[in-house]
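**Q** Before we start, here is the structure in question, set down as structure tokens.
The values are calculated or read from the model by the stated rules, or taken from the named source; none is laboratory data. Please read these numbers as outputs of a predicted model, since none were measured by experiment. Because the Cβ atoms are built from the backbone with ideal geometry, glycine has one as well, and the counts that use them run over all protein chains shown.
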Amino acid sequence: MKERRMECGAVVMNGCIYVSGGYSYSKGTYLQSMEKYDPELDTWEMVGSLPSAARSHGCVGFYGI
């Protein structure tokens, strides 16, 4: 993970793990960043941000909108 976090939301889509928001204990702040973990490449990358910081939230992935 690029930014260590707890109380984040997570979802699996297309074989990758996406995490959003959470709390950074080291920074003492809530996060709005989003990261993606690709297990085939064993890498994390920043992929976006939430409109505002969030913690202890859920994430849902669905297809075919």
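**Q** Name the pairs: first residue in the range 5-16 and in contact (Cβ under 8 Å) with a residue 12 or more places away in the chain and more than 14 Å from Glu40 (Cβ to Cβ), second residue of a type outside the set (D, E, K, R) and assigned to a strand (DSSP E or B), Cβ to Cβ under 6 Å, at least 6 apart or on different chains?
**A** Short answer, once both residue conditions are applied: Arg5/Ser24; Met6/Tyr23; Glu7/Tyr23; Cys8/Val19; Gly9/Ser20; Ala10/Val19; Val11/Tyr18.
**Q** To continue, here is another question. Of all residues in the range 40-50, how many are assigned to a strand (DSSP E or B) and either over 17 Å from Gly61 (Cα atoms) or small (Gly, Ala, Ser) (or both)?
**A** Of the range 40-50, the ones assigned to a strand (DSSP E or B) are 43-49.
If we keep only those that are either over 17 Å from Gly61 (Cα atoms) or small (Gly, Ala, Ser) (or both) too, we end up with 43-46, 48-49.
Total satisfying the criteria: 6.
**Q** Here is a further query. Out of all the residues in the range 27-39, is one or more part of a loop (DSSP other than H, G, I, E, B), free of Cβ contacts under 8 Å to residues at least 60 places away in the same chain, surrounded by fewer than 15 Cβ atoms within 10 Å (Cβ to Cβ) and of a type in the set (Asp, Glu)? Steps first, please.
**A** Taking the range 27-39 and keeping what is part of a loop (DSSP other than H, G, I, E, B), we get 27-28, 31-32, 39.
After this cut, where a residue has to be free of Cβ contacts under 8 Å to residues at least 60 places away in the same chain as well, the list is 27-28, 31-32, 39.
Applying the additional criterion that residues be surrounded by fewer than 15 Cβ atoms within 10 Å (Cβ to Cβ) yields 27-28, 39.
Restricting the remaining residues to those that are of a type in the set (Asp, Glu) gives none.
Within the range 27-39 (the criterion being part of a loop (DSSP other than H, G, I, E, B), free of Cβ contacts under 8 Å to residues at least 60 places away in the same chain, surrounded by fewer than 15 Cβ atoms within 10 Å (Cβ to Cβ) and of a type in the set (Asp, Glu)), the answer is no, since none of the residues qualifies.
**Q** Looking only at the range 22-65, filter to residues that are among the charged types (D, E, K, R) and modelled with pLDDT under 95; which one of those is nearest to Arg4 (Cα to Cα)?
**A** Here the answer is Lys27.
**Q** In the range 53-60, is there at least one residue being of a type in the set (D, E, K, R), in contact (Cβ under 8 Å) with a residue 12 or more places away in the chain and either in a loop (DSSP other than H, G, I, E, B) or surrounded by 15 or more Cβ atoms within 10 Å (Cβ to Cβ) (or both)? Reasoning before the result, please.
**A** Narrowing the range 53-60 to residues of a type in the set (D, E, K, R): 55.
Those left that are additionally in contact (Cβ under 8 Å) with a residue 12 or more places away in the chain: 55.
Still in the running and either in a loop (DSSP other than H, G, I, E, B) or surrounded by 15 or more Cβ atoms within 10 Å (Cβ to Cβ) (or both): 55.
The answer is yes; a qualifying residue exists.
**Q** Going through the range 6-21 one residue at a time, which ones are part of a loop (DSSP other than H, G, I, E, B), in contact with a strand residue (DSSP E or B) (Cβ under 9 Å, 6 or more places away or on another chain) and at pLDDT below 95? Spell out the reasoning first.
**A** Residues of the range 6-21 that are part of a loop (DSSP other than H, G, I, E, B), as a first pass: 7-8, 14-15, 21.
Then keep just the ones that are in contact with a strand residue (DSSP E or B) (Cβ under 9 Å, 6 or more places away or on another chain); that gives 7-8, 15, 21.
Selection gives Gly15 alone.
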